[in-house]
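What follows is one structure encoded as structure tokens, with my remarks underneath.
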Amino acid sequence: MKPWELLGRTRTPDGSDMSLTVRDGEYVILVDGKTLMSSRRHGSEEALATLGCRHVGHVKRPRVLVGGLGMGFTLRATLGLLPPEAIVTVAELVPGVVEWNRGPLAPLAGHPLSDRRVRLEVQDVGLTLRGKSGRFDAILLDVDNGPAAFTANSNHGLYDNTGVAAAYAALRPGGALAVWSASDNRKFEQRLRFHGFVAQTDRVRARLKKGGAKHTVFLASKPAPQATSGRLRSRQATFTHGA
């Protein structure tokens, strides 16, 4: 069997070893020797973009945040769904991953970082969220393994109460948060609802129609003002009728 070729090596902020390898046209990113992602299994990343951006068709100049660059597949799928005047902010924590996406990984997703709509921020996506209140129409998080993060302990902060509250605040009313996860997580789904989101989960194939393992996409919508006021009027009417 042909051996894997090492194309690059870097470290995560908490000191874990991250490497990019290739064999027979398949690119794999590993963390401490464990597979984090493969270029042959990116259907669920594309589904993340489709689910998270399906409501932005009516928005005149949509603004989308993509947290986690990965191999660029989520970003490419997002760009394919948005109009020319859209702005897509990409936050990637590891500089080495950005270098790989400008180098050997660039052709895989069609050089998405070269798209003029993209704004790259090489930093923790949590910082981007906390600095952009009411800014985004959609937030797509594909960071680590999802709520059960294993690449960096600091990633847990994206999915705890503080992180979910920051995502809610960063969205415009009617916006949506979509979160990629390797598995279901009922506590995280409940946390989304606790912070005001209307939440649901979708199970999607790693290779979409080609089968493979199933991953989870959490889809959480921030209610629009008219929806909120409508519920309040309904409650008030019920209370008056009951009185």
**Asked** Full extension from ALA213 to ARG9: what is 0.36 nm times the residue separation minus their Cα-Cα distance, to one decimal in nm?
**Response** 70.7 nm
**Asked** Roughly what would the spin-label model give for ARG203 and SER133, points 7 Å off Cα along C-beta, in nm?
**Response** 4.0 nm
**Request:** Would you work out which of SER19, ALA165, PHE194 lies farthest towards the positive end of the dipole of the chain? Charges go on Cβ: Lys and Arg +1, Asp and Glu -1.
**Result:** PHE194
**Relative contact order computed over the chain (Cα-Cα under 8 Å; 6+ residues apart), in percent** = 17 percent
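Report the full-extension gain for the segment VAL22 to ARG40: residue separation times 0.36 nm, less the Cα-Cα distance, to one decimal in nm. Don't jump to the answer; show the numbers that get you there.
Working: separation 18, 0.36 × 18 = 6.48 nm, distance 1.13 nm.
Computed gain between VAL22 and ARG40 is 5.4 nm.
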**Item:** Among beta bridges that DSSP assigns inside the chain, antiparallel share in %, nearest 5
**Value:** 60 percent
**Asked** So how do 71-77, 186-192, 134-140 stack up, highest first, on mean other-Cβ count within 10 Å?
**Response** 71-77, 134-140, 186-192
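Quick check: residue separation of ALA224 and GLN190 times 0.36 nm, minus the Cα distance between them. What number comes out in nm? The partial results should precede the final answer.
Values: separation 34, 0.36 × 34 = 12.24 nm, distance 2.00 nm.
Fully extending the segment from ALA224 to GLN190 adds 10.2 nm.
FYI, it's all coordinate maths here, none of it is from the lab. Quick caveat, the model's predicted, so the values are computed rather than measured. Cβ atoms come from the backbone with ideal geometry, glycine included; neighbour counts cover every protein chain shown.
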